[in-house]
Structure formats: structure tokens, C-alpha cells
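Below is one structure, written out as C-alpha cells, with a few remarks after it.
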Amino acid sequence: MGDQKDKKLNLLLASLGDSDLVSSRWLQAHGYSRSLVARYVSSGWLVSPARGVYLRKGGRLQWQGVLRSLQQREGLPLYIGGRFALEMHGHEHYLRLGEAATVTLYGAVRPPGWLGQLGLPEQFVFCGKPPFEWPLPHFTMETPDNVLRDQGLERHEVLSGLEPIVCSTPERAILELCDGPTGAALVYEADSIMQSLATLRPRRVAVLLRHCRSIKAKRLFLALADRYQHAWLRRIPLDGVDLGSGKRVLVPGGRLHPTYQITLPRDLDEHLG
């Protein structure tokens, strides 16, 4: 291939970890032409698990490496939030036996099409923009931890030896979950998880509530926290938290919460784990 092309190949392979992916877009932006990439593939240096994305020879395709590549290499404002972030933090809902994990992603842009074509056992679900008024920061390793922390985000190590990926803290993740599709199923799931959230940090919850745009999410979160009389709830000032006005019918025919004016299923106690 020539010394220069060999050098480019060595640099690329050195930058790719065992589970890192690299897209055609990134390769072209960094001087790797389509013909050169095709030569790497035909020579066995790269493999393509889906159209438009590549893995080094012998690499392992894992969802953790995929997310790391999306955030750090591709520079996409996507992160793990909601249901799967809560599972990562140990607040697992009733997991159905035999089901593969569903990785819930939030962000300002849709994931690339190849994400759903990798053949991984895990399923990626894009949940759209998060219900907060902040613009998302960059998720590179240069972004300070305090910038993430101010928005209820953090770096989480998911595999030993792999750089951490950005996900929601439990305080942010439960609000994201409460912003899900309206209906009784949402309440049952959020209620089951709220049961275990006895150690949320009140200062962080207060900040997130003030910056959350979803009236439904805030009212449901507070109503469920009130159900379990979590100690941290008494330490949260609601001054400056917009809870809207009037009643909110989350579940038709449900029981109206007297304080937060949102309807909850009448059989909620029967669904406790």
C-alpha cells in the first residue's frame, strides 16, 4: 500500500479499541477515502457489521462500545437515560425473563440508521429530546464532570478497561421515565421504581424540577414520591417549580391525587412488587 497508507492504517487501528466502531462519515472527515476503506475491508483489517460502520478485525461488538463511539468518536449528543439508566444504577423494574435489554437513548439528534442494524441482542430505542430546558453539552472526555453534573448527568463505567459513557443520574432518569407515553402502564412502572428511590439527593432533584419542561413528569414524580413518603421529598423547595394549573388526567377514571392534581390508577396498590 505504500509507507504513507500503511501509516494511516496503523494510526486507525491503534485508535480503535476492541469494541469501538467508526463510521464512514468519520473516516472520510479524517482523510480515509472510500476506496482506501474498501481496501482495508478486502484485506481483512476492518469488518463492517452494518452498512456505513466498521470494526477492527477481531473486535467485539458490544452495546457499551457502540455508545462510547457515538458519544466520543462521532460527537453525537446522545446519552442513556430513563428506564435503562435506572437499571444501570441498580433500580431495576420487573425484567421479563428471556428478554434482551432495551437501551433507552435521549438526545438532540436521532441516532444514525446503522445503530438498529448491528445485530446486537440489545435493542436501542430513541426516546427523543429530554424534558429539560438545558442545551446538551458535548460528551467528550474533555467535558468537565461538573458541567455534566449540573444537568443531572454523569460518566458511568460499564466495562472494565473501557472509558465511561454518559448517562442520567437516578434523579434525572426517573423524571425522564415519568415523561414517557401517557397511560396506566407508565404509572405502574414509575411507581415500582419509585419505591426503591429512597436515597435521591434533594438538592439535585430541586434543580431538575425547576428546569424540567414537562408538567406531567413533575406532577407524576411528586405524586409517586408522596405515596412512599420518601424523606428527601420534605427537603425539596417547590418555589420556582412550574406545576401548571388545573387537573391532569393521566389515567381516565383514575383517582385524583389531592395535592398534585393528577390521576393515578385506582388499582395502583395491586401492582406493587
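Couple of notes before you dig in:
- DSSP bridge analysis restricted to the chain gives an antiparallel fraction near 75%, rounded to the nearest 5.
- Site pair LEU256 and ASP6 shows an inter-label distance of 7.9 nm when each label is modelled 7 Å from Cα along Cα→Cβ.
- Of the peptides 241-252, 55-66, the order by per-residue mean of other Cβ atoms within 10 Å, starting with the highest, comes out as 55-66, 241-252.
- The string of couplings for segment 114-127 from the Karplus curve (6.51, -1.76, 1.60, θ = phi - 60°) is 5, 4, x, 10, 7, x, 6, x, 6, 9, 9, 10, 8, 9 Hz, one whole number per residue in order, with x for Gly and Pro.
- Those lysines that a straight Cα-Cα span of less than 19 Å connects to LYS8, excepting residues fewer than 8 apart in one chain: LYS57
- Note on LEU238 and GLU133: with the Förster distance fixed at 22 Å, the Cβ-Cβ geometry gives a FRET efficiency of about 0.80.
- Apolar share of the accessible surface for segment 1-56: 50 percent from carbon plus sulfur atoms, 1.4 Å probe.
- Computed from label points 7 Å out along Cα-Cβ, the spacing between GLU157 and ALA101 is 1.6 nm.
- Surface share of carbon and sulfur [accessible, 1.4 angstrom probe, percent] for segment 178-270: 49 percent
- Its residue count N sets the reference 2.2 N^0.38 Å, and the alpha-carbon radius of gyration of segment 45-131 equals 1.14 times that reference.
- Given their separation in residues at 0.36 nm each and the Cα-Cα distance between them, ARG266 and VAL109 gain 52.8 nm when the chain is fully extended.
- Extension gain, PHE126-VAL147: 0.36 nm per intervening residue step, less the Cα-Cα distance, totals 5.2 nm.
- A P(r) calculated from all alpha carbon pairs of segment 14-89, with 10 Å bins opening at zero, reads 18, 49, 24, 8, 1 percent.
- Cα long-axis angle, helix 215-228 against the chain (0 to 90 degrees, to the nearest 10): 60 degrees
- Accessible surface area normalised per residue over segment 219-271 is 58 Å², counting heavy atoms of protein chains with a 1.4 Å rolling probe.
- Relative to the dominant Cα principal axis of the chain, helix 202-211 is inclined by about 80°.
- Here the 3J(HN,Hα) profile of segment 25-40, calculated from phi with Karplus coefficients 6.51, -1.76 and 1.60 at θ = phi - 60°, is 4, 5, 4, 5, 5, 10, x, 9, 5, 4, 5, 5, 5, 4, 5, 4 Hz, Gly and Pro shown as x.
- Kirkwood-Stokes translational diffusion coefficient of the chain, alpha-carbon pairs, 20 °C, 1.002 mPa s, µm²/s: 105 µm²/s
- Segment 136-186: radius of gyration and largest Cα-Cα distance (Dmax), Å: 13.5, 42
- Extension gain from ALA185 to VAL41, taking 0.36 nm per residue of separation minus the Cα-Cα distance: 47.2 nm
- Think of it as helices only: each DSSP H run of n ≥ 4 in the chain is worth -39500 (n - 2.57), and spread over all residues that comes to -9500 deg cm²/dmol at 222 nm.
The values are calculated or read from the model by the stated rules, or taken from the named source; none is laboratory data. What you see is a predicted model, and the numbers here were worked out from it, not measured in a lab. When we count neighbours, we look across all protein chains shown, and the Cβ atoms used for this are built from the backbone with ideal geometry, even at glycine. For the accessible areas, the whole protein counts, side chains as well, though only heavy atoms, and no ligand, DNA or RNA atoms are used. Shrake-Rupley method; radii C 1.70, N 1.55, O 1.52, S 1.80 Å.
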